[in-house]
Structures are given as C-alpha cells and as structure tokens.
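The values are calculated or read from the model by the stated rules, or taken from the named source; none is laboratory data. Note that the structure is a prediction, hence the values are computed from the model and not measured. Note that each Cβ is placed from the backbone with ideal geometry, even for glycine, and that neighbours are counted across all protein chains shown.
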Ligand code: 5GP
C-alpha cells in the first residue's frame, strides 16, 4: 500500500468539511437530548470508525449518558463482505436500557442487522441508530432505518473523521474520497 507522508495528498476531494460535520453533529446532539428527556441513554460506539462521531455527539448531549463499545467488522479493503463478526464484545449489561447505536456509516445494512440481532437478545428497552453517514442507495437489508442521520452520501468510498482505509486516514478532520491510485494496486 502506497500512502503519502501527508495523508491529505491521498484525498481526491473533500466531501464534508469539518465545520459542516460539527454543525450537523451538534444538531443531532440537541435532537437526542430532546427525544430522550428524563432518560439516561447508553451510547454504544461501534469501534473504531465511530470514535470521532461518538465523542462529538456525546459532547452535544446534555443528558446523563453511559458509554459502551463494541467492535464488529465486515469490510475487506473497500468492499463490504456482508459477513459480520463481533471481534471484541465489551458490553456491560444493556438490559432495560435505552440504547443508541453510534455508527460511522450504514452501507449495505448487513453490519447493522447483525448488531441489532445481538443487542435484541440482551434485552434493551429500546434501540435506535445514530449514523454519521448513510448510503441509502446501497442498502441490501430492508428495515434498517437510522433515526438520526448526519449526512446522506452517494456511493463513494470515504475516509476520515474515524473512517479508515486499511486502518489509515482515520485522523483526517473531514470526510474525503480516497484517490483511486491508493487502493488500485492493493486490490488486484
Ligand atoms: P455495511 O455492513 O452496512 O455494508 O457496512 C458497514 C461498515 O462498513 C461500516 O461500519 C464501515 O466500517 C464500513 N464502510 C462502509 N462504507 C464505507 C466507506 O465508504 N468507507 C469506509 N472507510 N468504510 C465503510
């Protein structure tokens, strides 16, 4: 994999800049604060891609909230495999809790379907999805409708603000589209 010493150079173009991200996440935080008034929801961060979204979202919620983390994986390079494995399960009990799953991006919906099945068995009182990005046009699974969506995006492979390509680029402060030349040789 050929990665530039300045990771910004591997970005074809910026899809959503940092200012727009922060503005929208602030709005989502306010909406969640209003919807969950009087409750103590659990924010369940799906590692690692949701780290940036999770912290920004949490900062903009004024309710007493709890954090949980789960690590699932479905991607091989830039193609979703459809098969999801839960690699690290760090869940304390979510029984009778109001859970908000915090996801970086919902694409085909297979990951979310699997996670919902796992969580439903744990006896949560309610489960909603907050996703930073949504690729509705790519959905393969019916009934995966996040209640809180940051941005609807077209079918690009995006990186930054937590999202990676082969574990790199997560630290870009914006959502960008990766240059084809970076992954072209890697996926042949
Ligand atoms: P799904 O199972 O919905 O197809 O895929 C969900 C997961 O695939 C996301 O949590 C994310 O990790 C990964 N993913 C989907 N689309 C993209 C993308 O455009 N860029 C990156 N970096 N990851 C993606």
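When segment 157-185 is filtered for residues that are touching a strand residue (DSSP E or B) at 6+ places or on another chain (Cβ under 9 Å) and more than 22 Å from residue 54 (Cα to Cα), the ones remaining, listed by number, are 178, 179, 180, 182, 183.
Per the listing 104, 98, 164, the residue uniquely closer than 28 Å to residue 12 by Cα, out of contact with any helix residue (DSSP H, G or I) (no Cβ under 9 Å at 6 or more places or on another chain) and modelled with pLDDT of 95 or more is 164.
Do you know which of the residues in segment 90-117 that are surrounded by fewer than 18 Cβ atoms within 10 Å (Cβ to Cβ) and part of a loop (DSSP other than H, G, I, E, B) is nearest to the ligand (Cβ to nearest atom)? Checking each candidate, the answer is 108. Summed over segment 93-130, residues that are in contact (Cβ under 8 Å) with a residue 60 or more places away in the chain and within 10 Å of the chain's Cα centre (by Cα) total 1. Restricting attention to segment 122-138, the residues that are more than 8 Å from the ligand (Cβ to nearest atom) and in a loop (DSSP other than H, G, I, E, B) total 4. Restricting attention to segment 159-176, which residues are within 12 Å of the ligand (Cβ to nearest atom) and either surrounded by fewer than 18 Cβ atoms within 10 Å (Cβ to Cβ) or farther than 16 Å from residue 20 by Cα (or both)? Correct list: 163, 164, 165, 166, 167, 168, 169, 170. Scan segment 12-39 for residues that are more than 18 Å from residue 99 (Cβ to Cβ) and either under 14 Å from the mean Cα position of the chain (by Cα) or assigned to a loop (DSSP other than H, G, I, E, B) (or both) and the total you get is 3. Of all residues in segment 40-66, those satisfying the criterion of being in a loop (DSSP other than H, G, I, E, B) and within 16 Å of the ligand (Cβ to nearest atom) are 48, 49, 50. The single residue among 6, 40, 22 that is closer than 21 Å to residue 129 by Cβ and surrounded by fewer than 13 Cβ atoms within 10 Å (Cβ to Cβ) turns out to be 40.
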